[in-house]
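Visitor: Mind looking over this structure? Questions follow.
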Amino acid sequence: FLTIPVVIVGIRVCPIEINGESTQRYEYKCVCIVPPILVRITMIICIFLSFSSGEFMQCQDGIKSNMKKKFECVFEGKAKEGQPTLLKEIYTELYITEGGTGGVNDEHEVRQIETAAKKRRTEDNTVKCNDIFKPLYGHETPIRTVLTKGVAGIGKTVSVQKFFLDWAERKANQDIYFIFALPFRDLNLIKDEYSLIELLHRFVPELQSFQSTELFRYKVLFIFDGLDECRLPLDFQNNESWFDVTKKMSLDVLLTNLIKGNLLPSALLWITSRPAAANQIPPKCVHRVTEIRGFNDAQKEEYFRRRFSNKSLASKIITHVKSSRSLFIMCHIPVFCWISATVLESLFSETDSGEIPRTLTEMYTHFLIFQTGFKNDKYMKNYEIKLNKHSKEFLLKLGKLAFDNLERGYLIFYEQDLIENNIDVAEASVYSGVCTEVFKEEYGLYQEKVYCFVHLSIQEYLAALYVFLSNSSADLLTTAVDQALESKNGHLDLYLRFLLGLSTDSSKTLLKRLLGQTRTSSHNIEETAQYIKEKIQDYLSPERTINLFHCLNEMGDNSLVEEVQRHLNSGRLSAEDLSPAQYSALAFVMLMSNEELDVFDLKKFIRSDKEHWRLLPVVKTSKTALLNSCELTEKCCEALVSALRSNSSPLRELDLSDNDLQDSGVKLLSAGLWDSQCKLRILRSVLLEKCCEVLATALRSNSSPLRELDLSDNDLQDSGVKLLSAGLGDSQCKLEVLRLSGCRVTEEGCSSLASALRSNPSYLRELDLSYNHPGDTVVRLLSAVLENPSFKLEKVGVQFKECYSCQLTLDPNTANRDLSLSEGNRKVTWEEEEQPYPDHPERFDCRLQVLCRESLTGRCYWEAEWDGGGAGIGVTYKGIKRKGNSADCRLGDNDKSWSLSCSNSYSVWHNKKQTVLPIEASGSRTVGVYLDWGAGALSFYRVSSDGLTSLYRFTSSFTEPLCPGFWVYYKNSPVSLCMLG
């Protein structure tokens with residue numbers, strides 16, 4: 001009955017080691033030729049026969065029962081003696097997304113939170129906690145190792161707890177026979193050498209009756225929680241490779257071999273980490289990266305409503321938290337929700353609740369007061385005298401421990417760390433009760449004693465409190481400001497906010513409640529605030545500037561923000577009227593707004609003093625950033641790269657055309673595109689020939705999301721396009737649209753593009769080579785590609801002059817009376833005598849201008865020839881003013897029109913801004929104009945027998961049809977529309 005007829009269709013030989021001896025395991029792929037029901041019955045019988053008396057299943061049941069007891073309760077920051085709450089009663093499904101890599105993100109986690117709070121949730125691939133090992137729909141590649149990232153307190157450990165609990169209660173993932181939880185905080189304590197099987201016997205004693213050969217025959221999962229707490233070197237590069245699960249080795253060697261797949265390649269691994277530590281695991285060892293984003297706005301409210309049965313109290317707390325943008329943003333972290341709930345529940349329950357905290361510093365000070373009060377109630381009988389005497393001393397020691405470890409970012413401490421900071425280990429259990437939810441003594445999963453701050457922000461607060469109480473220097477605050485500004489990744493940002501917040505009178509009053517009569521240094525708050533405002537005036541990095549506004553908020557000085565708010569509320573905001581500091585305040589206001597920003601158009605806030613770099617942090621919270629024609633320089637690229645490298649940024653489209661970024665700036669940006677965190681899909685940019693190789697490297701990256709690249713009107717020439725083609729032809733490149741209009745490419749460069757298409761035919765859909773010189777051979781070759789069904793290419797633009805030329809006529813109803821129209825209304829000349837035109841509301845009565853009859857959208861090309869001293873050639877909305885001599889009437893001198901000025905030299909005008917072009921107006925006097933209305937592009941070319949030479953390209957978001965028009969500068973200087981085709 002147990003003999004099943006099968007046909008063997010494949011055999012795989014797997015080398016393994018058992019007890020130090022090399023052997024082989026044979027895996028057979030078979031096709032069964034009996035009914036499936038018989039196969040299932042037979043398999044069940046085989047399993048039961050393999051384990052006498054059900055010993056194996058009993059062991060699994062015992063482990064599940066133990067794990068259920070360990071994980072069914074959550075303590076929400078409380079020490080183990082606190083009151084537990086059933087996890088299922090308060091668990092709110094956390095927002096987990098797939099994507100990105102294990103790349104490092106070392107910017108301050110509060111800044112990551114502030115960025116993530118603005119990101120739309122619809123852009124992400126979401127993964128439920130219990131499904132992290134299941135491939136997304138349409139993907140079949142098995143997932144062995146999952147790396148889950150998230151800032152401190154965001155819910156990584158709770159997610160692990162929920163996964164474990166659902167498995168133990170048989171609700172999910174029952175295909176996994178055993179789950180082994182090995183937190184790094186527990187692994188740090190192991191000094192001896194172990195084999196993998198011995199390590200598991202130590203952590204799970206129930207497994208000691210089983211040998212490795214039978215234990216590892218089935219599907220198992222290892223969970224390594226808290227990679228950021230790991231104190232092992234994890235030397236993947238130099239550690240020796242081992243394949244024997246019974247061989248003793250150091251823990252570091254054991255872990256690296258397990259993660260690399262040398263040990264138990266069939267086992268599943270789940271590793272959690274804060275972002276800054278995620279790069280300790282080589283990317284090739286990770287098959288899926290997920291990120292826990294914490295609570296969105298709706299989930300924040302849900303947390304408070306589930307936390308409190310008193311609906312009125314819950315509503316009060318929600319209203320208060322939402323009234324402070326900084327508090328509401330921090331509630332993105334579940335731990336901060338708990339801190340706020342703890343404080344506000346106490347304060348709103350008091351009859352006198354006048355001291356409701358509105359800043360982070362006030363919230364954390366109240367929290368510490370609450371915990372100290374809890375301590376006094378708990379230990380009053382036996383420890384009253386001792387606690388009163390040593391409360392300040394203990395907090396200073398705790399603060400010193402926090403301060404000394406702030407740069408390293410450690411959240412976990414052991415007895416040795418306490419001894420080194422003169423904290424009496426024997427009294428630690430009492431003092432962990434002193435601040436039960438601040439610094440807690442707990443036992444690791446396997447009963448090893450550890451100590452920890454509940455959250456990194458509490459560590460930063462205590463570090464600031466220690467410095468504030470122990471440093472009497474008069475220049476303490478200004479020195480701290482300078483030190484924080486020197487930090488490249490902002491690791492001191494929140495510490496600085498707390499330190500400055502503690503210096504206010506209201507905080508000093510609260511500290512008296514916490515510590516009794518304590519002498520604190522006197523600092524001039526007004527002078528410090530003024531010092532910060534002067535720093536804001538300086539040329540700081542935009543991120544540093546934004547944090548200084550948070551600092552001013554902690555100090556209660558919102559004057560700069562309030563001034564900008566008044567400008568915005570008036571509806572008459574002019575960027576030119578703002579001081580540099582107010583201009584930075586505008587960026588802060590936009591960042592703190594709870595409104596989502598789809599499109600950030602920097603031109604709306606442009607200034608003549610080129611201070612617009614101060615608004616660049618807004619790019620990181622925008623989906624589309626239009627920065628074209630804003631006179632950005634290479635100095636601005638560092639802030640833009642920060643946005644490209646931010647995993648939490650929603651930025652998907654970036655327009656940098658018509659800026660002088662220089663080689664260094666473009667190389668910086670190209671490196672940002674290459675970064676694994678970059679999510680940009682559409683890029684329009686200035687690019688130099690020598691930077692094409694760097695960009696080609698970005699295109700080769702398998703993780704690059706770039707799908708549309710517009711490099712039109714860059715002087716790339718054949719050499720640059722050849723370098724670009726090397727990236728385009730790589731099978732990893734998934735670019736779908738490439739625009740190279742007006743890049744001075746000849747047949748040689750275009751041939752390289754055609755070759756790249758043959759090498760990688762699967763993705764590119766549209767190729768624009770207009771206003772280049774591809775040659776007839778390449779044109780025929782690209783035409784053949786279009787007709788070939790194996791290529792995805794659907795559209796090739798070779799010459800818009802032939803495809804999009806339009807015939808225009810001048811409109812007599814718009815012509816100034818000093819202008820004469822001739823040659824079928826295609827030529828305009830300044831005459832001595834006025835023309836007998838009738839009155840008309842659309843006529844220019846002062847400006848010597850005329851518009852065409854046609855209103856243009858879509859793609860259009862036309863040419864005009866000027867003669868004599870010069871002329872203006874441009875386009876305008878029909879709403880341009882016609883009466884009077886103001887700038888509102890002149891082509892190019894307002895926000896409704898764009899023009900090219902032709903005389904001895906060329907210059908372009910828009911909205912009163914002139915850009916002089918480094919091209920002499922010699923030789924041909926014919927100008928070509930190409931409008932791509934949908935793409936927001938307006939290009940001017942000099943037309944000669946050699947072809948088209950790009951003069952300038954405007955990019956804008958056109959909102960109305962455009963009318964071509966002319967401005968006649970001198971008598972005997974006519975302008976004519978050319979006949980095309």
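Visitor: GLU833 to ASP946: extension gain in nm, 0.36 nm per residue of separation minus the Cα-Cα distance?
Guide: Length gained between GLU833 and ASP946: 36.7 nm.
Visitor: So which of LYS722/LYS792; LYS284/LYS667; LYS533/LYS635; LYS156/LYS400; LYS535/LYS610; LYS70/LYS400 end up more than 29 Å apart, counting from Cα to Cα?
Guide: Check vs 29 Å cut-off fails for LYS70/LYS400.
Visitor: Taking the Cα centre of each part, how many Å lie between segment 307-337 and segment 522-539?
Guide: Cα centroid to Cα centroid, the span is 31 Å.
Visitor: With a probe of 1.4 Å, find how much accessible area segment 687-800 has per residue, and write the answer as a whole number in Å².
Guide: Roughly 40 Å² per residue, with all protein chains present.
Visitor: Tell me, how many Å apart are the Cα centres for segment 909-972 and for segment 837-876?
Guide: 13
Visitor: Shifting gears a bit: What residues have an amide H closer than 5 Å to that of MET249, excluding those fewer than 5 places away on the same chain, when H is modeled at 1.01 Å from N in the peptide plane?
Guide: Close amide H contacts, sequence-distant or interchain: TYR194, SER195.
Visitor: If you roll a 1.4 angstrom probe over the protein chains with everything in place, what fraction of the accessible area of segment 687-800 belongs to carbon and sulfur, to the nearest %?
Guide: 45
Visitor: Further question on the same structure: Got the relative contact order for segment 622-674 handy, in percent, Cα pairs under 8 Å and 6 or more residues apart?
Guide: 52
Visitor: Next question, about the same structure. For the charge dipole of segment 819-977, defined by +1 on Lys and Arg C-beta atoms and -1 on Asp and Glu C-beta atoms about the Cα centroid, which residue among SER899, SER945, GLY869 has the Cα displaced farthest towards the positive pole?
Guide: Of the options given, the answer is SER899.
Visitor: Pairs LYS171/LYS316; LYS322/LYS508; LYS191/LYS260: which exceed 30 Å Cα-Cα?
Guide: Cα-Cα > 30 Å for LYS171/LYS316; rest within.
Visitor: Something else now. Cα-based count: Lys pairs in segment 863-981 below 24 Å, eight or more positions apart or different chains?
Guide: Going through segment 863-981 pair by pair, I get 13.
Visitor: Within segment 213-242, list the GluC sites (Glu not before Pro) lying in a DSSP loop whose Cβ has at most 15 other Cβ atoms in a 10 Å radius.
Guide: GLU240
Visitor: Using a ≥ b ≥ c from the Cα gyration tensor of segment 222-337 (square roots of the eigenvalues), is it rounded, prolate or oblate, where a/c under 1.5 gives rounded and otherwise the larger of a/b and b/c decides, a/b for prolate?
Guide: Here segment 222-337 falls in the prolate category.
Visitor: Compute the separation of the alpha-carbon centres of segment 151-216 and segment 730-777 and state it in Å as a whole number.
Guide: What the calculation gives is 53 Å, centre to centre.
Visitor: I want to check the label-to-label distance for ASP131 and ARG202. Put each point 7 Å from Cα in the C-beta direction and report it in nm to one decimal.
Guide: 3.8
Visitor: Just to be sure I understand the model, the point goes 7 Å from the Cα along the line to the Cβ. What's the resulting GLU693 to LYS488 distance in nm?
Guide: 2.4
Visitor: Something else now. Can you tell me which of 548-554, 178-184 comes out highest on packing, and rank the rest after it, using the mean Cβ neighbours within 10 Å?
Guide: 548-554, 178-184
Visitor: Turning to a different aspect of this structure: Percent of accessible area on segment 129-262 owned by carbon and sulfur, 1.4 Å probe?
Guide: Here carbon and sulfur together make up 47 percent of the probe-accessible area.
Visitor: For a Förster distance of 35 Å, can you work out the FRET efficiency between the beta-carbons of GLU653 and GLU747, rounded to the nearest 0.05?
Guide: Here the calculated transfer efficiency is 0.60.
Visitor: A further question follows. Excluding GLU638 itself, calculate the net charge of residues whose Cβ lies under 11 Å from the Cβ of GLU638, where each Lys or Arg counts +1 and each Asp or Glu counts -1.
Guide: +1
Visitor: Compute the FRET efficiency between ARG217 and ARG408 as 1/(1 + (r/R0)^6), taking r as their Cβ-Cβ distance and R0 = 51 Å, and round to the nearest 0.05.
Guide: 0.75
Visitor: Are any of the pairs LYS134/LYS623; LYS604/LYS734; LYS68/LYS392 more than 32 Å apart by Cα-Cα distance, and if so, which?
Guide: Listed pairs above 32 Å: LYS604/LYS734; LYS68/LYS392.
Visitor: Quick one: if the Förster radius is 45 Å, what FRET efficiency do SER855 and SER759 give, using the C-beta to C-beta distance and rounding to 0.05?
Guide: For SER855 and SER759, the calculated efficiency is 0.55.
Visitor: Per 0.36 nm of contour for each residue apart, how much would the distance between GLU562 and ASN422 grow if the chain were fully extended, relative to their Cα-Cα spacing?
Guide: My answer for the length gained is 45.7 nm.
Visitor: Could you sort 752-765, 457-470 so that the peptide with the highest average Cβ count within 10 Å comes first and the rest follow in order?
Guide: Ranking the peptides 752-765, 457-470 by packing returns 457-470, 752-765.
Visitor: What does the extension gain come out to for SER65 and SER315, with contour length at 0.36 nm per residue minus their alpha carbon separation?
Guide: Stretched out fully, the SER65 to SER315 stretch lengthens by 86.1 nm.
Visitor: Still on this structure: For SER472 paired with MET979, estimate the spin-label separation in nm (one decimal), with each label point 7 Å from Cα along the Cα-to-Cβ line.
Guide: Placing both labels 7 Å beyond Cα along the Cβ direction yields 9.6 nm.
Visitor: Please state the shape class of segment 303-361: rounded when a/c is under 1.5, otherwise prolate if a/b exceeds b/c and oblate if not, all from the C-alpha gyration tensor.
Guide: The shape class here is oblate.
Visitor: Mind running the shape call on segment 687-800? Use the C-alpha gyration tensor, a ≥ b ≥ c as the square roots of the eigenvalues: rounded below 1.5 for a/c, prolate if a/b tops b/c, oblate otherwise.
Guide: Oblate shape, in that a/c is at least 1.5 and b/c is the bigger or equal ratio.
Visitor: Hey, for a label at ASP867 modelled as a point 7 Å past Cα toward Cβ, could you say which residues of segment 950-981 have their backbone N under 11 Å away?
Guide: Of the residues in segment 950-981, 972-976 have backbone N under 11 Å from the label point off ASP867.
Visitor: So if I place +1 on the C-beta of Lys and Arg and -1 on the C-beta of Asp and Glu, and nothing else carries charge, what would the dipole magnitude of segment 587-669 be about its Cα centre? I want it in debye, nearest 20.
Guide: 200
The values are calculated or read from the model by the stated rules, or taken from the named source; none is laboratory data. None of these values were measured; they are calculated from a predicted model. FYI the Cβ positions are ideal-geometry reconstructions off the backbone, even for glycines, and counts take in every protein chain you see. Note: areas computed on protein heavy atoms with side chains; ligands, DNA, RNA excluded. Shrake-Rupley method; radii C 1.70, N 1.55, O 1.52, S 1.80 Å.
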